[in-house]
Amino acid sequence: MNRKLWVTAGALTCAAILWTSGILVGSWAAADETPGTLTKIQSSANESNDAAQEATMSSSANPLAGTGWRLVEFQSMDDATGTIRPDDPSLYTMRLNRDGTVTMRLNCNRASGTWFTEPSGNGASGRFEFGPLAGTSALCQPPSLDEKIAAQAKFIRSYLLKDGRLYLSLMADGGIYAWEPDTDKSSAASVPAAPEDGGPRNWKVTGVTGALNLREQPTTVAKIITNYPPGTILDNLGCQRAEGRIWCDVQQLGGGPRGYVAAEYLTAAVSPDGSVATGPDNSAFRAGQGDFDATGQIPCAQSVGQPMMQCDFGVARAGGGYATVVIKKSDGRTRAIFFSMDKPIGADTSEADGYPEFRSTKENDLHLIRVGNERYEIPDAVVLGD
């Protein structure tokens, strides 16, 4: 079988034919590609380290980076051609990798290369171009769209995200390629489990330059609520697939706004005891049943000016620094203190006691906790165990 190589630069196209026992390979480059005019999402082998760093920074804010798609149809502006749909959309897939590379399945062929984008406004649309693409050109069983896509890729100039689909438009009203999220688990990572299904209780923000956006909905066009710097610990409230990527419902450990972040910037958080806490936290339920892992006494005081005394306590632990400590106060009532990742996150306050303010600090391995006028000193050993 023969092998062909196409190189396009400006208006000049050169073709060379190479004979080999392999399969046909093609390489396409945008005719009017002008380096430096776009926000670059990738770094090729011959680019500098500075350019690579710039690419990493840009990708974190790009709505298409790290997404996967499969072809729905080609909408021609020519009435004679009309709309062309593949018999099997799963044979035409595209993965826009975060490092700026693209991988494609085009029926019986494969292609790879680079992509560039310049989002505008809220990121739902903008400029889009493929860089040089190289791919196999075996003869696929007709009808096939592989040759058409390979030939027209260099003429794509813009994108639009609408109703969960990606539309790539050719220059000069040449037509539009419509794509839908690729949900094939063989080409994308599986959705992480929620704690109730055995997943990690907490995430750690990692791999992001700058900060990770928290959005109102699982889409890059949704409103940004806030952002998290690297190292922030988040509660895992469940994940889902949307727009060709995985989004996780999160809330910062200890409280704060709830929303969605891109899962590729999350790793399972390691607890202070060195473990990754998984599964539901059942410590409050067990404490309510009197099912304690340990009992003892801790320093406490119930009012302003009262000297510290000893109060009985029981602790129910759920691993990974998750625990509920129930303290018996001097008046016979109890106070429950809740811990996550060895961090005091709240108490069982109520309207009856006026919802007193909850505060905590830490000195070495000792948690100093205030619930209104109440004071408690709880060592790490109570929460984490031996």
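The values are calculated or read from the model by the stated rules, or taken from the named source; none is laboratory data. Because the structure is predicted, anything quoted here is derived from the model rather than measured. Here Cβ is always computed from backbone atoms with ideal geometry, including for glycine, and neighbour counts include all displayed protein chains.
Whether any residue in the range 242-254 is polar (S, T, N, Q), surrounded by 16 or more Cβ atoms within 10 Å (Cβ to Cβ) and either under 14 Å from the mean Cα position of the chain (by Cα) or within 30 Å of residue 311 (Cβ to Cβ) (or both) is what I want to check. No - not one qualifying residue is present in the range 242-254.
Conditions tested, residue by residue: (1) farther than 25 Å from residue 203 by Cα; (2) among the hydroxyl-bearing types (Ser, Thr, Tyr).
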residue	(1), (2)
271	no, yes
276	no, no
280	no, no
287	yes, no
293	yes, no
304	yes, no
312	yes, no
318	no, no
321	no, no
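Among the residues that make up the range 303-317, is at least one of them under 19 Å from residue 280 (Cβ atoms), aliphatic (A, V, I, L, M) and either buried (at least 17 other Cβ atoms within 10 Å of the Cβ) or in contact (Cβ under 8 Å) with a residue 12 or more places away in the chain (or both)? Yes, the conditions are met somewhere in the range 303-317.
Screening 65, 80 for residues that are among the aliphatic types (A, V, I, L, M), without any contact (Cβ under 8 Å) to a residue 60 or more places away in the chain and within 16 Å of residue 243 (Cβ to Cβ) leaves exactly one candidate, 65.
So in the range 336-358, with the set limited to residues that are among the acidic types (Asp, Glu) and within 23 Å of residue 281 (Cα to Cα), which one is surrounded by the fewest Cβ atoms within 10 Å (Cβ to Cβ)? This residue is 348.
Here's the yes/no breakdown for (1) modelled with pLDDT of 95 or more; (2) under 21 Å from the mean Cα position of the chain (by Cα):
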{"position": "144", "(1), (2)": "no, no"}
{"position": "158", "(1), (2)": "yes, no"}
{"position": "163", "(1), (2)": "no, yes"}
{"position": "184", "(1), (2)": "no, yes"}
{"position": "187", "(1), (2)": "no, yes"}
{"position": "208", "(1), (2)": "no, yes"}
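Residue count for the range 340-366 under the criterion of being closer than 16 Å to residue 298 by Cα and touching a residue at least 24 places away in the same chain (Cβ under 8 Å): the result is 1.
Which of the residues belonging to the range 98-121 are within 23 Å of the chain's Cα centre (by Cα), of a type outside the set (Asp, Glu) and not in a strand (DSSP E or B)? Once the filter is applied, which keeps residues that are within 23 Å of the chain's Cα centre (by Cα), of a type outside the set (Asp, Glu) and not in a strand (DSSP E or B), the range 98-121 yields 98, 100, 121. One residue stands out in the range 283-302 among those that are of a type in the set (Gly, Ala, Ser) and more than 12 Å from residue 330 (Cα to Cα): the one that is surrounded by the fewest Cβ atoms within 10 Å (Cβ to Cβ), namely 290.
One residue stands out in the range 202-217 among those that are touching a Phe, Trp or Tyr at 6+ places or on another chain (Cβ under 7 Å) and part of a loop (DSSP other than H, G, I, E, B): the one that is surrounded by the fewest Cβ atoms within 10 Å (Cβ to Cβ), namely 217. Considering the range 319-333, and only residues there that are among the hydrophobic types (A, V, I, L, M, F, W, C) and farther than 9 Å from residue 284 by Cα, the residue that is surrounded by the most Cβ atoms within 10 Å (Cβ to Cβ) turns out to be 327. Residues that are outside any strand (DSSP E or B) and in contact (Cβ under 8 Å) with a residue 60 or more places away in the chain occur at least once in the range 283-302.
Residues that are surrounded by fewer than 22 Cβ atoms within 10 Å (Cβ to Cβ) and among the aliphatic types (A, V, I, L, M) within the range 218-241 comprise 221, 222, 224, 225, 233, 237, listed in sequence order.
Residues in the range 359-384 that are surrounded by 14 or more Cβ atoms within 10 Å (Cβ to Cβ) and either in a helix (DSSP H, G or I) or among the small types (Gly, Ala, Ser) (or both): 360, 372, 380, 382, 383, 384. Taking the listed residues 43, 48, 27, the one that is at pLDDT below 80, surrounded by fewer than 14 Cβ atoms within 10 Å (Cβ to Cβ) and over 20 Å from the mean Cα position of the chain (by Cα) is 48, with no other qualifying.
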